[in-house]
Amino acid sequence: MSLTPIGEPRQKITSATLREKKLRHEPITCLTAYDYATGRLVDEAGIDIILVGDSLAQTMLGHENTLSVTIDDMLHHTRAVRRAVKHAFLVADMPYGSYHVNSEEALRNAARFVKEAGAEAVKIEGGEKRADIIRRIIEAEIPVTGHIGLTPQSVNVMGGYKVQGKSLAAIEQLVRDAVALDRAGAACIYLEGIPREVGAMITAEVETPTIGIGAGPECDGQVLVFHDIMNLTFGPPAKFVRRYADAAAVITDAVQAFRADVVSHQYPSDAESYHLPKETQAALETVLERKRAMRR
Ligand code: KIV
């Protein structure tokens, strides 16, 4: 495995790079990002794929699930991340309803992510049943990433966020889904919330790189939600989430310290204040003295 040494020029990641990494058994890294600051930090840290996920519905906008997020919401956040990202492969999630009517509308909406927001690929949830739409979008020169298993846009059909692929019939369907995406030419396939054994089986079955989230270590890559790894999600994490920092604690401490400094007149200090040039200050003193004298 080759990690680019810090300070060395990094290569631009494309869908071809992802396939090369799979062939070389080099793990692919992916994180979500939803704004300029996190997009920059994630890109500069060397992550391969940055996903502007529709999970921003919950993490950024406070919705209960991803269903209400709009194309305009997604375009707005994708544009912000686009301004930040130089090396990672930038993928934007197509929100619920934007690819469900027919393939013309799906293609028109996918093209908006490329033309209006600078995405390099879009992500669509669903396997076999989306293969034709995905093929149509790829024919229009837009790379598409698939997403199967626990697909959050299907929450009402699944009856909650439940691990998928637990029966033989469900496993067979998942394999058919993955093969359909593989044949359609997906740039990668996100595998979410499925048993490790099924993640491993699908990864061995398809040439397309698989990116797991709760799908075990045998996937070709791993993705997590930025806010989950930073403890910014305000709830108990899913089993697969590993917390790498407690940003909630860092932010709370900083905000409380600022508040305490303002309330106790510790902020701002003289050094944190602007000052008049000496001559202007002297002239101002004279004016103020004259005003005081007139009032006496
Ligand atoms: O929206 C999202 O963040 C996702 C990933 C978790 C795969 O779809």
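The values are calculated or read from the model by the stated rules, or taken from the named source; none is laboratory data. No experiment lies behind these values; they were computed from the predicted model shown. Note that each Cβ is placed from the backbone with ideal geometry, even for glycine, and that neighbours are counted across all protein chains shown. Note: accessible area is taken over every heavy atom of the protein model, side chains too, but ligands, DNA and RNA are not part of it. Shrake-Rupley method; radii C 1.70, N 1.55, O 1.52, S 1.80 Å.
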Sort out which residues of segment 111-135 are closer than 19 Å to L51 by Cα, touching a Ser or Thr at 6+ places or on another chain (Cβ under 8 Å) and not in a loop (DSSP other than H, G, I, E, B), and write them in order of number. F113, A121, V122, K123, I124, E125, G126
State whether one or more residues within segment 164-179 are surrounded by 15 or more Cβ atoms within 10 Å (Cβ to Cβ) and assigned to a loop (DSSP other than H, G, I, E, B). yes
From I202, I189, I194, I229, residue being at pLDDT 95 or above and closer than 22 Å to L41 by Cβ: I229
Please name all residue pairs, on different chains or six or more residues apart, with Cβ atoms under 7 Å, provided the first residue is in segment 127-156 and is basic (K, R) and the second residue is within 11 Å of the ligand (Cβ to nearest atom). R130/I124
Options T208, T203, T233: the member that is touching a His at 6+ places or on another chain (Cβ under 8 Å) and either touching a residue at least 12 places away in the same chain (Cβ under 8 Å) or surrounded by 14 or more Cβ atoms within 10 Å (Cβ to Cβ) (or both): T233
Can you pull out the residues in segment 121-142 that are more than 16 Å from the ligand (Cβ to nearest atom) and more than 23 Å from N65 (Cβ to Cβ)? E128, A131, D132, R135, R136, I137, I138, E139, A140, E141, I142
A117 versus (1) within 14 Å of the ligand (Cβ to nearest atom); (2) closer than 22 Å to Q58 by Cβ: which is the lone unmet condition? (1)
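Could you list all residues from segment 237-261 that are loosely packed, with under 11 Cβ neighbours inside 10 Å and not in a loop (DSSP other than H, G, I, E, B)?
A249, A254, V255, Q256
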Based on what the data block shows, is L23 within 20 Å of C188 (Cα to Cα), modelled with pLDDT of 95 or more and open to solvent by less than 70 Å² (accessible area, probe 1.4 Å)? no
Could you please tell me which pairs satisfy a Cβ distance under 7 Å, a separation of 6+ or placement on different chains, a first residue in segment 274-289 that is outside any loop (DSSP other than H, G, I, E, B), and a second residue that is surrounded by 10 or more Cβ atoms within 10 Å (Cβ to Cβ)? L284/L276
For G127, indicate whether it is modelled with pLDDT of 95 or more, on the phi > 0 side of the Ramachandran plot and over 19 Å from the mean Cα position of the chain (by Cα). no
Answer yes or no as to whether E125 is closer than 19 Å to I211 by Cα, of a type outside the set (F, W, Y) and open to solvent by less than 30 Å² (accessible area, probe 1.4 Å). yes
